[in-house]
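To start, the structure under review is shown below, and the notes come after it.
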Amino acid sequence: MLDALARSRDVRGPYNIASYLRDVAGYEVSGQAVSKYLYGESWPKHAFIGTFTEALNLTSEERGKLAWVYNLWCLPRDC
């Protein structure tokens, strides 16, 4: 879902997402970490999700969908 939301704003690929978040919001995250989020190898932290939603100007509907997916699949020990 993160990838689809970023692509809808012409930000493609984990390294470009990381760069975009750094440039727009000053949030430091590596492209490697974003890659792991996109491929389900690890769960993004709450700060990442917050920065992602703000930097990409997600709509209320998009935020709701992202929150639903994140909360449904994220176990407390994984987040």
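No value in this document is a laboratory result; all are computed from the given coordinates. Just so it is clear, the model here is predicted, and its values are computed rather than measured. Neighbour counts run over all protein chains shown; Cβ positions are idealised from the backbone, glycine included.
Please give the contour-minus-distance gain from residue 23 to residue 69: 0.36 nm per residue of separation, less the Cα-Cα distance, rounded to one decimal in nm.
Here the answer is 13.9 nm.
Where does each of 49, 17 land when they are ranked from fewest to most other beta-carbon atoms within 10 angstrom?
Going from least to most buried by this count: 49, 17.
Answer with a single label: of [x] 18, 15, 11; [y] 22, 16, 11; [z] 36, 15, 12, which was calculated as semi-axes √(5λ) of the Cα gyration tensor in Å from the structure in view?
[x]
Please build a GNM for the chain, connecting alpha carbons under 10 Å apart, and tell me which residue among 60, 30, 19 fluctuates the most.
60
For the pair residue 4/residue 41, report the inter-label distance in nm, with labels modelled 7 Å from Cα in the Cβ direction.
Each label point is offset 7 Å from its Cα along the Cβ direction, giving 2.3 nm.
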